Structures are given as C-alpha cells and as structure tokens.
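Bear in mind that the values in this text are calculations on the coordinates, not laboratory data. From a predicted model like this one, the values you see are computed outputs, not experimental measurements. Note that each Cβ is placed from the backbone with ideal geometry, even for glycine, and that neighbours are counted across all protein chains shown.
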Amino acid sequence: MNGLRPLLPTGILTTLLLTACGSRDLPPPAGSLTASDPQAGAAFARAQAAESAGDLKQATKLYEEVAEDHPYSEVAPQARFRQAALLEKRGELLDAFDAYQAFLNRYQGSALYSKALANQAVVAHAAADGVIKNRFLGIRSRLDTKKIAEMLAQVRDNAPQAPSAAKAQFAIGELWEGRNRRPEAITAYQVIIDEYPASPVAPEAQYRIGAILLGRSERGNQNPANLDKARFAFEDLLQRYPNSIRSADARARIAEIQNRNIQRNFDIAEFYFKKGQLTSATFYYEEVRRESSGGPLHQQATARLAQINGQ
C-alpha cells in the first residue's frame, strides 16, 4: 500500500464528525422544526394566557421570547407570527414589519407564510399612508420616508411575481411624490412600466410620470424639454394602454401641452418682432400658424406676418 488511509463512506464520516463535534451543538437548517419542546410549549401557553387576559404588551414580549429562545420548536412560527400581529394591533408598525420579516426569513414552509406576507404588506402601506396623510395635514411624521420606502421595497422583493409587488412599487412612487421628491417619484413609477407593464397600476404610473413633468414646467421651470418629455409620457400611455381610464386625461394633457407650445412660440416671435429681428420673428410666427388651425394666436400670427411682409 502507498500509506494512504482508505476513504470512509460518506454516512460513516458524517456520523464520526457529528460525534466528534457534538451533534447537539449544530443547529438544524433554518426553517426546520424539532420535536415537541416542553419548555417552549409552556412559554407559549403563558403568552396565550396573557393575550387572552388583554395584556397585549406582556403577550408580545412572551411570544418574542419563545421565538428567540426556541426558534426550532414547533410553536416558534406561531409565536413569531403572534408577536408581529400584536405589534401591528398596537400600532407599532416598524417593529411589526420587522417581526413579520423575521418570520418570513425563517419559516417559509409555515401555513402562516401567505398570511404573514399579506399582513406585512398591510403594515408597510399603512406606514406609507400615515406619512403622506401627515404631510398633507402639515404634521411632521415620526416615520422616515426613506425607511418606509425601504419597507415597501422589501414587500415587493418578498414576492416579486405577486400583484402586491407592483402595488408596493407604486406606493413608493406616491410616497416620494407626496414629499415633492419628483426625480425619485419618476424613477419609482418608471420601474413599474419596465418591470410590471401588465399591472393594473401601470397606466396610472405612466400618467403620473407625465403629470409630474408637466407640473415641473408649471412651477417656473421653463425648460422646453420638460414639456416634450411630458408629451412623450402621455403619448406612451395612449400607445401602451389605449383603453385605460386615463386615456382621455392623457389626450387632454397633450392638447394642453400643444397649446403651451403655441403660446411659447408666439411669445418668442413677439420678442424678436419688438427687437426688430424680423427673420427670427417670421420663423416663430410661422410655427404658430403651422401648429394651430385657428384661434386668436393663429390670427395674431397671421396679422404679424402680413405686417412684416408689407414692410
């Protein structure tokens, strides 16, 4: 022989390793549950008794202790879920969200998993609604906008193929829009168009992008690019979602933008006319006539052109 020891079968090797290391020191894989744990069962019963007695604060604490101290016991998933549910009931939304996330991270096989997903989404949306409502009322919220956006993003990522994902992403857009953080809002809404184009909220997201861009122009930003981008957004809505309830609104906004462009060109033409720069003035008056089929500005542009040509 060459002096090398023969390889042991895998099963025997594993047994020897567990014996040498002490198998009790190796925790089971995340999400797995052990046999009945009397200590965990007794602690869970105490938590249930406190909840039944109406002492929700004590019950919340006891449920958390069960989940933390006996994470592999058969009552651990329910204990963590009850902790989260009681925190939610008590209005402690951030802590409730984190408790639901702890459940979702560990107990994917639990019968309560879908319920935990739904409850966590309710908590995140409630937090977002509170921030938006408080801002509308002029009340400073104790909840940080960035934190709430992160919570909604977690809801989205926990079930990226579920309808809740697009709904959470839309709420992120609303959250930033409510804070007048327009670039962040546009980015959030654009994610819906790119990642969830078939979602029921996608047409509204597309409309919001155009409305925000149009609003920026109304607030003194005279960059013509904003109007152009807004028009493109509304035109995209009509192309992507022709039967959307926002279609009529999009057409009205496009007409509004067109009228603004006509007014802008007329104002520029008047500026050059008063400066005596008639070639430039002629160009913009002709743009007004080209973009309009009638109306006061069309008539005024026609009169100006006649005046220029008669000089």
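Sticking with the crude label model, points 7 Å out along Cα→Cβ, report the distance from residue 275 to residue 258 in nm, one decimal please.
2.9 nm
Report the gain in length on full extension from residue 190 to residue 249: 0.36 nm times residue separation, minus Cα-Cα distance, nm rounded to one decimal.
On the way: separation 59, 0.36 × 59 = 21.24 nm, distance 1.90 nm.
The span from residue 190 to residue 249 would gain 19.3 nm if fully extended.
Which of the aspartates and glutamates could be linked to residue 61 by a straight reach, that is with a Cα gap under 16 Å, when you skip same-chain ones fewer than 8 residues away?
Correct list for residue 61: 51, 69, 88, 92, 95, 98.
Distance from a point 7 Å along Cα→Cβ of residue 113 to each backbone N in the range 144-162: keep the residues under 16 Å and list them by number.
157-162
Taking a point 7 angstrom from the Cα of residue 198 along the C-beta vector, which residues in the range 162-182 have backbone N less than 19 Å away?
162-170
Label point 7 Å out from residue 283 along Cα-to-Cβ: which residues of the range 251-272 have amide N under 13 Å?
What the label zone holds, given the 13 Å backbone N cut-off, is 268-269, 272.
Which FRET efficiency value, to the nearest 0.05, do you get for residue 92 and residue 161 by plugging their Cβ-Cβ distance into 1/(1 + (r/R0)^6) with R0 = 30 Å?
Details: r = 30 Å, r/R0 = 0.99.
The computed FRET efficiency comes out at 0.50.
I need the semi-axes of the equivalent ellipsoid of the range 39-136: take the C-alpha gyration tensor, multiply each eigenvalue by 5, square-root it, list largest first in whole angstrom.
Values: eigenvalues 124, 51, 16 Å².
Each semi-axis is the square root of five times an eigenvalue, giving 25, 16, 9 Å.
When the dipole is taken about the Cα centre of the range 234-299, and only Lys, Arg (+1) and Asp, Glu (-1) are charged at their Cβ, what size is it in debye, to the nearest 20? Each step should come with its number before you reach the end.
On the way: 10 positive and 9 negative charges, 11 e Å.
Dipole size: approximately 60 debye.
Is the range 142-200 best put as rounded, prolate or oblate by its Cα gyration tensor, with a ≥ b ≥ c the root eigenvalues, rounded for a/c under 1.5, and otherwise prolate when a/b is larger than b/c, oblate when not? Don't skip to the end; give the middle numbers.
Details: a/c = 2.58, a/b = 1.32, b/c = 1.95.
Because a/c hits 1.5 or more and a/b fails to exceed b/c, the range 142-200 counts as oblate.
Would you mind counting up the charge near residue 169? Only other residues with Cβ under 11 Å from its Cβ, with Lys and Arg at +1 and Asp and Glu at -1.
On the way: positive: 156, 167; negative: 157, 174, 194, 195.
Surrounding charge for residue 169 is -2.
Please give the length that would be gained between residue 147 and residue 69 if that part of the chain were fully extended, namely 0.36 nm times their separation in residues minus their C-alpha to C-alpha distance (nm, one decimal).
On the way: separation 78, 0.36 × 78 = 28.08 nm, distance 2.83 nm.
25.2 nm is the gain from fully extending residue 147 to residue 69.
Given R₀ = 30 Å, what would the calculated FRET efficiency be for residue 299 paired with residue 179, taking r from the Cβ atoms and rounding to 0.05? The partial results should precede the final answer.
Details: r = 45 Å, r/R0 = 1.49.
About 0.10, to the nearest 0.05.
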